[in-house]
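The values are calculated or read from the model by the stated rules, or taken from the named source; none is laboratory data. From a predicted model like this one, the values you see are computed outputs, not experimental measurements. Here the Cβ positions follow ideal geometry from the backbone for every residue, glycine too, while neighbour counts run over all protein chains shown.
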Amino acid sequence: MGSHYASKFYQKWIELYIKNGGKQFLAQKAFFDKFGIDTNNKETMKLFAQSTDALKHKFYRLDEIIAQRLSNDPYTSLEAFLNNLQEECPDDLVQFDYNRDFSEFTIIYAPFAAKELVNSIDNPLHVDSTHSLIKGKIQLFAVTMKTSQNTIFPFCYFLVNPQTSEKIQECLVKFCEFAHLDPQHWSADCALNIARAIEDGFPLAQLSWCAVHVLRACAKVGSYFDNPQNFENFYLAVIRRNGGSEVKSKSDIYLAG
């Protein structure tokens, strides 16, 4: 993941985990302290309802499950893992639906702790996707949240094939039902299938596109802006896309002349 800010988040998590002797509870508390998250909040503290011994047992069992390869077929092994995970963590959201040849499937996972944490922070939900890093070039989608410190909280992960807006919408709606959420504001990268999923699944919610992703997309098609008219068309399209009613003059648009 290189220098991406998500990478820094996970690197810091791992660093704190090691510094605290590999203890899940202490690592989580140290992480909250590091990023100024209020551990006195009653909703946040519900994350610590389990004792350290219970957490140790939970992660020990998960390690056991991961170590068991029940089949050389990755999908069969994945199904066995998710079934075991559901048995060990019945309060988590675990779903794996597929057809016979796995040409179509939906996989969703959200830990029970996401329910409490996502409702205790008043920030827009953000939907992002990785590059095609998984076998079969299937993207991993994540529902996260960004704070003022640019920290990302992964609340839910899902994979779908084919990666249509309808399947993405199904996963987003399922997670919000699980977490008892009625989000009024979403943000996302500029993938059209994600945008359509949010618009169709949450028609009353506001959708903002992440500026970083938009700029990256613009950089990839920079040749389209080889004259002022092309850029003006793009600018007006963005204004319309964001529901703006006021169109600026050319002198406002072309600040550089």
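Going by what's in this entry, would residue 162 be described as touching a Ser or Thr at 6+ places or on another chain (Cβ under 9 Å), assigned by TED's automatic domain parsing to the domain that holds residue 105 and within 15 Å of residue 114 (Cα to Cα)? Here the answer is no, as residue 162 does not meet what is asked. Just to be sure, is residue 146 among the basic types (Lys, Arg), modelled with pLDDT under 85 and either surrounded by fewer than 17 Cβ atoms within 10 Å (Cβ to Cβ) or touching a Lys or Arg at 6+ places or on another chain (Cβ under 6 Å) (or both)? In short, no. Of all residues in region 89-130, those being in a helix (DSSP H, G or I) and surrounded by fewer than 16 Cβ atoms within 10 Å (Cβ to Cβ) number 1. Listed conditions (1) assigned to a helix (DSSP H, G or I); (2) at pLDDT below 75; (3) in the same structural domain as residue 145 (by TED's automatic domain parsing) are all met by residue 240, apart from (3).
Residue count for region 187-205 under the criterion of being at pLDDT 90 or above, closer than 20 Å to residue 146 by Cα and assigned to a loop (DSSP other than H, G, I, E, B): the result is 2. Residues of region 209-231 include at least one that is under 27 Å from the mean Cα position of the chain (by Cα), closer than 19 Å to residue 118 by Cβ and either aliphatic (A, V, I, L, M) or modelled with pLDDT of 70 or more (or both).
Can you say whether residue 181 is more than 23 Å from residue 138 (Cβ to Cβ) and in contact with a His (Cβ under 9 Å, 6 or more places away or on another chain), as far as the supplied structure shows? No; evaluated as a whole, the condition is false for this residue.
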